[in-house]
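Here, each number is a calculation from the coordinates, and none is a lab measurement. Remember, it's a predicted structure, so these values are computed and weren't measured experimentally. All Cβ positions, glycine included, derive from the backbone under ideal geometry; neighbour counts span all protein chains shown.
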């Protein structure tokens, strides 16, 4: 049984988490000059999100899939993404086991690393604020 | 057995974990010596992502304690160097002879896994991950038999261990990756263990002008001791002017053994049109390189190497023969020896490793 019932639910939590942080001063400062534009290609349910840190915007669906300015593309299932954003997925191991695949600049992708802890916290808070402890337990 | 374990960024501890058991195609090695590499430090500091909990160490040498099924390349009692070249021998890259970038090894090793996608390291019910297929800052290590290179028993283990990673990488950069030849001019940026080995390799290949660049006076002195013909301090000397004066047109080869902002660029600016630059160090995996397009049109080339692009079973014994013959002074790299208990301090991000190589020596072996 997948964590998210449909694309809308995946976007409502993972996407909203990014929407809530991209404009925050700490993220703006941390990504300044990085050119970091990450496209998240998730399956089960299928969704595509484009996180444009310099532009401080999040887009979805066809707009995200057809964007030409992504510096990094990450591919994984929604279930693994959910675990990852809760800080429960061992990323290097997941890469080795091909649960996560990446296209683009490794250096740019790794610039995400210092941001992951605040993102994990933001994701958990968003789920708690929405009363979705059931999803936290599935992480 | 005791092992140096990284559980979170910045924190290393010596822990008692289970002694690993070799599977098909693997060997169990009792460690005698393990060099401390800057990659260990970068993983501890978070500059390079690590699969945690991780048993550190990837520059080991020791004695074969046991072999798994199907191993006939080494036997119990053999002295071996544990190369960081982890190769399957069957993939596209291995078929091309590019063992150091094996499609299986280069995927599994950074993920802390053995070639079969699992780990041998445990602490009770807990799985721990391995570093570059060996985790040799521990009393014992299980490695792929293809990475266990048998060596002469009269070679000091502290010297042999250096060829597993750092010295092998620098040496291989000059003898395998770049076509350094008789009369070549070479610039080496950064004179830690890797850079010093690149200098030695360039000298073995017949380079006659070898310029060492390092801000540390002790490192520059070591560089000249192992073969550099000139040494400059980039914080005080005009390196480009000096290199151009010495070579008339720029060096034939540039090696960057540092991997921080601007160091590949410095090596790139030091080489002549048509010259080669090889990146052999990386301090932080988020580092990017900026070079000018016009110089590329002038046929300068930039490349890199993992593990010196060595063919371990051929190049490591050959390098040790050169050492015995007095032509590859690897022993000059061993600056300090330590005990396993010292590892947390050595890998503390605030601790500065000495020039050359710090090597952990294990008691009671060889």
Footprinting exposure proxy for B:58, B:79 (fewest neighbouring C-beta atoms within 10 Å first)
B:79, B:58
Among B:86, B:76, B:104, which one moves the most in a GNM of chain B with springs linking Cα atoms closer than 10 Å?
B:76
C-alpha long axis of helix B:217-226 to longest principal axis of chain B, angle in °:
90
Between residue B:118 and residue B:90, Cβ-based FRET efficiency (R0 22 Å, step 0.05) works out to 0.75
What does the average come to when, for each residue of peptide A:84-92, you count the partner chain Cβ atoms lying within 10 Å of its Cβ?
3
Exposure proxy ranking, count of Cβ atoms within 10 Å, fewest first, for A:117, A:108
A:117, A:108
Calculate for the protein assembly as shown the 222 nm mean residue ellipticity that helices alone would give, adding -39,500 (n - 2.57) per DSSP H run of length 4 or more and normalising by residue count, nearest 500 deg cm²/dmol.
-8000 deg cm²/dmol
Region B:169-306 - percent relative contact order, Cα under 8 Å, separation 6 or more:
23
Based on the Cβ-Cβ distance of residue A:32 and residue B:127, what FRET efficiency does E = 1/(1 + (r/R0)^6) give at R0 = 35 Å, to the nearest 0.05?
0.35
Degrees, to the nearest 10: B:193-204 long Cα axis against longest axis of chain B:
60
Compute from the Cα atoms of chain A the Rg and the Dmax, the latter being the longest Cα-Cα distance, and quote both in angstrom.
13.9, 41
Looking at the square roots a ≥ b ≥ c of the eigenvalues of the Cα gyration tensor of region B:171-251, which shape do they give, rounded for a/c under 1.5, prolate if a/b is larger than b/c, or oblate?
oblate
Fewest-first ordering of A:136, B:36, B:282, B:314 by Cβ atoms within 10 Å yields B:314, A:136, B:282, B:36
Over the protein assembly as shown: Rg over Rh, Cα atoms, Kirkwood Rh
0.99
If each part is reduced to its alpha-carbon centroid, region A:103-117 and region B:295-366 end up apart, in Å, by 29
Post the alpha-carbon centroid distance, region B:186-227 to region B:1-68, in whole angstrom.
29
Taking a ≥ b ≥ c as the square roots of the Cα gyration tensor eigenvalues, with a/c under 1.5 meaning rounded and otherwise prolate when a/b beats b/c or oblate if not, region B:169-306 comes out rounded
Between residue B:341 and residue B:7, what is 0.36 nm times their sequence separation minus the Cα-Cα distance? Round to one decimal in nm.
118.6 nm
Roughly how tilted is helix B:312-324, in degrees to the nearest 10 and between 0 and 90, from the longest Cα axis of chain B?
70
Number of partner chain Cβ atoms within 10 Å, mean per residue of B:119-129:
1
Expected output is a single nm value to one decimal: the length gained when fully extending between residue B:314 and residue B:72, i.e. 0.36 nm times separation in residues minus the C-alpha distance. What is it?
85.4 nm
Taking r as the C-beta separation of residue B:246 and residue B:298 and R0 as 22 Å, the FRET efficiency to the nearest 0.05 is 0.65
